[in-house]
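Novice: I'd like to ask some things about the structure below.
The values are calculated or read from the model by the stated rules, or taken from the named source; none is laboratory data. No experiment lies behind these values; they were computed from the predicted model shown. With ideal geometry, Cβ positions are generated from the backbone for all residues, glycine too; neighbour counts draw on all protein chains shown.
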Amino acid sequence: MLVQAMKKTSIFFAKSAILGLVFAIFFISCNDIRSNNKKVFSYNESTGIATLDPAFAKNQSIMWAVHQLYNTLVEIDSNLNIVPSVAKSWEVSADRRTYTFHLKEGIYFHNNPLFKNGRGRKLVAADVVYSLNRIQDKKVASSGAWIFNNRIEVNGFKALNDSTFELKLVAPFQPILGILSMQYCSIVPHEIVEHFGKDFRNNPCGTGPFTLVSWDEGESMILHKNDQYWEKDEKGQRLPYIDAIKVSFYDNKATEFLQFRQGKLSFVNDIDPSFKDELLTKKGDLRKEWTSKLQMKKHPYLNTEYMGILVDTNNELVRTSPTKIKAVRQAMNYAINRPQLMMYMRNSIGIPAEAGFVPGGLPSRNTELVKGYHYNPAKSRELLKSCGYLDNQVPIKLLTVSIYADIASFIARQMEEVGIKVQVEVVQKSLLLEQTAKSQALFFRASWIADYPDAENYMTMFYSKNPAPPNYTRYKNIAFDVLYERALQETNDSIRYDLYRKMDQLVIDDAPILPLWYDMAIHLVQSNIKGFSPNALNILELRKCTIY
């Protein structure tokens, strides 16, 4: 025991020394992030970037890079409104099943040797048809194939002429414009994709504000300004303002933070737990000693962090677990002190999830009108007693990843205080994803980031006809399914929002999940960076960013 204690003490002092070195260097004056007077925005992607093919833009690191290279028909502004991008306007038929888009003139793909004379050719409606059909092509095996499932008619994408694109739905589906704003729906040129095949992943060609210059995987990626980019600002100045983007791939967060302070990174996404107490107060404010040295930008974004519970009673894991009882799952929810969790484990980065599963910021107003769980240990014990759980001493295994291990342990302790035994098991992220997809995880840590700004995107996780993903809990409630199907058909927004709230309340009452917090994007930004701010979808937006 003494040897173990000495080892732990040595490790503690070693970690403290590293942190001390990092923070000492942080106070050294910055070097401006410029090279040859060029304005270069630099950031680190610790998880790497798996591909630059938008058909596989399934996570944040890929989406951020893809967003710089491509455009979609429509996009979402900072207020979560659908606004034109490649499409300048559109009409919707009276039955709300046909959408007709009119494309902007003068949009060209990036220069590429495969085009005539190496010059980027004009984007036409046939490119939109090709790009969206490609997502559904089983040979491509796009991770975004699900976005059009049972929603688009057979041959439902058509080019009426070079500047007019038509989409036909099987039935009215109000969030379709939000889906078309997703990075999956980026527009690509068929000749480049077909020439490179799978190697299109590292030979991208789009119409976006930046072009790929080099990509040394695991080392760095360089994107240059697209001098022919079609978009202009309110004063008529061509976007983007900066000359280049440099992405590094340090997997160590301490190294990333050190690079930031040395002026080699323009911003840092999120704050590593190792640094949060040094930088932030418990209320989530930047400590005074840092306010003159960097900018901190916080903004709620559409992500709900939660614990999921498998509820399929045909599954052996569920049949032998006390979590098959609704009262037990409700008791687990009442056992968590979410405000305390946020303050002490997250430095108030996020909002306690004490309403529904759907986060704030959406017009359905779920966080205001859905009744969730507040900390009530007495109620928790009462529920456990009512169903005889206190006689059951079988521990419930909670699967999580290492970065959330401390939060899982916090929750486990709170569960134990009311009589629920929880055993925390830390696994690799890939294993956790595999086990949740195969319904092999009974109780697990998860999150859901909105693909598009509509509460339907959250409710799709609980529709019984959906597989895992997205229905990781295998939740099934006939009443929910009826409401969900009604909502898909509903064209009146007020009625549709009411249906969303009713669905959310059913889920909360049945408790296949333990909502923990509604997330916040938090960025540390160099003081010479302007025009850069987080948004509700946490997309890296650099078109109007500049460096002084």
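Novice: Inspect the stretch 378-399 for any residue being assigned to a helix (DSSP H, G or I) and closer than 19 Å to Gly284 by Cβ and give the result as yes or no. Talk me through it step by step, then tell me what you get.
Specialist: Restricting attention to the stretch 378-399, the residues satisfying the condition of being assigned to a helix (DSSP H, G or I) are 378-386, 389-391.
Now drop any that are not closer than 19 Å to Gly284 by Cβ, which leaves none.
Scanning the stretch 378-399 turns up no residue that is assigned to a helix (DSSP H, G or I) and closer than 19 Å to Gly284 by Cβ.
Novice: Filtering the stretch 204-259 down to residues that are among the aliphatic types (A, V, I, L, M) and not in a strand (DSSP E or B), which residue is farthest from Gly120 (Cα to Cα)?
Specialist: So the residue we want is Ala254.
Novice: So, one more: Kindly check whether there is at least one residue in the stretch 62-75 that is surrounded by 13 or more Cβ atoms within 10 Å (Cβ to Cβ), assigned to a loop (DSSP other than H, G, I, E, B) and at pLDDT below 95.
Specialist: First, pick out the residues of the stretch 62-75 that are surrounded by 13 or more Cβ atoms within 10 Å (Cβ to Cβ): 62-75.
From what is left, the residues that are assigned to a loop (DSSP other than H, G, I, E, B) are 70-73.
Subsequent filtering for residues that are at pLDDT below 95 retains none.
The answer is no, given that none of the residues of the stretch 62-75 is surrounded by 13 or more Cβ atoms within 10 Å (Cβ to Cβ), assigned to a loop (DSSP other than H, G, I, E, B) and at pLDDT below 95.
Residue-by-condition table, conditions (1) surrounded by fewer than 17 Cβ atoms within 10 Å (Cβ to Cβ); (2) in contact (Cβ under 8 Å) with a residue 60 or more places away in the chain; (3) touching a helix residue (DSSP H, G or I) at 6+ places or on another chain (Cβ under 6 Å):
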site: Leu177; (1), (2), (3): no, yes, no
site: Pro204; (1), (2), (3): no, yes, yes
site: Lys225; (1), (2), (3): no, no, no
site: Lys235; (1), (2), (3): yes, no, no
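For (1) within 24 Å of Leu383 (Cβ to Cβ); (2) in contact with a strand residue (DSSP E or B) (Cβ under 6 Å, 6 or more places away or on another chain); (3) among the charged types (D, E, K, R); (4) buried (at least 21 other Cβ atoms within 10 Å of the Cβ), each residue gets a yes or a no:
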| residue | (1), (2), (3), (4) |
| --- | --- |
| Asn466 | no, no, no, no |
| Val482 | no, no, no, no |
| Glu490 | no, no, yes, no |
| Ile495 | no, no, no, no |
| Leu506 | yes, no, no, no |
| Ala511 | yes, no, no, yes |
| Pro515 | yes, yes, no, yes |
| Gly531 | no, yes, no, no |
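Novice: Right, here's the next one. On the given criteria, is Ala412 within 16 Å of Ile336 (Cβ to Cβ), at pLDDT 95 or above and not in a strand (DSSP E or B)?
Specialist: The answer is yes for Ala412.
Novice: Let me ask you something else. Would you say Tyr389 is at pLDDT below 95, assigned by TED's automatic domain parsing to the domain that holds Gly360, more than 20 Å from the chain's Cα centre (by Cα) and hydroxyl-bearing (Ser, Thr, Tyr)?
Specialist: Details: at pLDDT below 95: yes; assigned by TED's automatic domain parsing to the domain that holds Gly360: yes; more than 20 Å from the chain's Cα centre (by Cα): yes; hydroxyl-bearing (Ser, Thr, Tyr): yes.
Yes, satisfied.
Novice: Moving on to the next point. Mind telling me which of the residues Val140, Val128, Val154 ends up being assigned to a loop (DSSP other than H, G, I, E, B) and not aromatic (Phe, Trp, Tyr)?
Specialist: From the options Val140, Val128, Val154, the qualifying one is Val140.
Novice: Would it be correct to say that Met332 is in contact with a helix residue (DSSP H, G or I) (Cβ under 8 Å, 6 or more places away or on another chain), assigned to a strand (DSSP E or B) and hydrophobic (A, V, I, L, M, F, W, C)?
Specialist: No.
Novice: Same structure, new question: Looking at the stretch 481-491, is at least one residue in a loop (DSSP other than H, G, I, E, B), of a type in the set (Phe, Trp, Tyr) and out of contact with any Cys (no Cβ under 8 Å at 6 or more places or on another chain)?
Specialist: no
Novice: Which is at pLDDT 90 or above and either closer than 30 Å to Lys385 by Cβ or crowded, with 19+ Cβ neighbours inside 10 Å (or both), of Gln295, Gln330? Give the steps one after another, and end with the answer.
Specialist: On the way: Gln295 fails: either closer than 30 Å to Lys385 by Cβ or crowded, with 19+ Cβ neighbours inside 10 Å (or both).
Every option except Gln330 fails the conditions.
Novice: Shifting gears a bit: Would you check which residues across the stretch 153-164 are more than 29 Å from the chain's Cα centre (by Cα) and in contact (Cβ under 8 Å) with a residue 24 or more places away in the chain and list them?
Specialist: Across the stretch 153-164, the qualifying residues are Lys158, Ala159, Leu160, Asn161, Asp162, Ser163, Thr164.
Novice: Something else: Confirm whether Ser89 is in a loop (DSSP other than H, G, I, E, B) and within 26 Å of Leu488 (Cα to Cα).
Specialist: no
Novice: Could you please let me know if Ala536 is in contact (Cβ under 8 Å) with a residue 24 or more places away in the chain, crowded, with 22+ Cβ neighbours inside 10 Å and assigned by TED's automatic domain parsing to the domain that holds Leu177?
Specialist: Details: in contact (Cβ under 8 Å) with a residue 24 or more places away in the chain: yes; crowded, with 22+ Cβ neighbours inside 10 Å: yes; assigned by TED's automatic domain parsing to the domain that holds Leu177: yes.
So Ala536 fits the description; yes.
Novice: Of all the residues that make up the stretch 265-314, how many are more than 19 Å from the chain's Cα centre (by Cα) and of a type in the set (D, E, K, R)? Don't jump to the end; show me each part of the working.
Specialist: Start the filter on the stretch 265-314 by keeping residues that are more than 19 Å from the chain's Cα centre (by Cα), which leaves 265-266, 273-296, 309-314.
The next check asks that each one be of a type in the set (D, E, K, R); those that pass are 276-278, 282-283, 285, 287-289, 293, 312.
Matching residues across the stretch 265-314 total 11.
Novice: Within the stretch 260-284, which residues are among the hydrophobic types (A, V, I, L, M, F, W, C) and either in the same structural domain as Leu341 (by TED's automatic domain parsing) or not in a strand (DSSP E or B) (or both)? Break it down stepwise before answering.
Specialist: To start, the set of residues in the stretch 260-284 that are among the hydrophobic types (A, V, I, L, M, F, W, C) comprises 260, 265, 267-268, 271, 275, 279-280.
Result: Phe260, Leu265, Ile271, Phe275, Leu279.
Novice: Give the stretch 414-459 a look and list any residue that's within 25 Å of Glu316 (Cα to Cα) and polar (S, T, N, Q), or say none.
Specialist: If we filter the stretch 414-459 for residues that are within 25 Å of Glu316 (Cα to Cα), which is where we start, we get 415-416, 419-447.
If the condition is that a residue be within 25 Å of Glu316 (Cα to Cα) and polar (S, T, N, Q), then Gln423, Gln428, Ser430, Gln435, Thr436, Ser439, Gln440, Ser447 are the ones that fit.
Novice: Also, I was wondering about something else. State yes or no: is Phe173 farther than 11 Å from Val66 by Cα, at pLDDT below 95 and not in a strand (DSSP E or B)?
Specialist: yes
Novice: Pick out the one residue from Tyr344, Tyr375 that is outside any helix (DSSP H, G or I) and of a type in the set (Ser, Thr, Tyr).
Specialist: Tyr375
Novice: Looking at the stretch 441-461, I want the residues that are closer than 15 Å to Leu310 by Cα and have a partner that is part of a helix (DSSP H, G or I) with Cβ atoms under 6 Å, at least 6 apart or on another chain. Which pairs are those?
Specialist: Ala441/Gln435; Leu442/Leu317; Phe444/Thr436; Arg445/Tyr404
Novice: Tally the residues that are in contact with a Ser or Thr (Cβ under 9 Å, 6 or more places away or on another chain) and on the phi < 0 side of the Ramachandran plot, restricting the search to the stretch 340-369.
Specialist: The number of residues fulfilling the criteria is 10.
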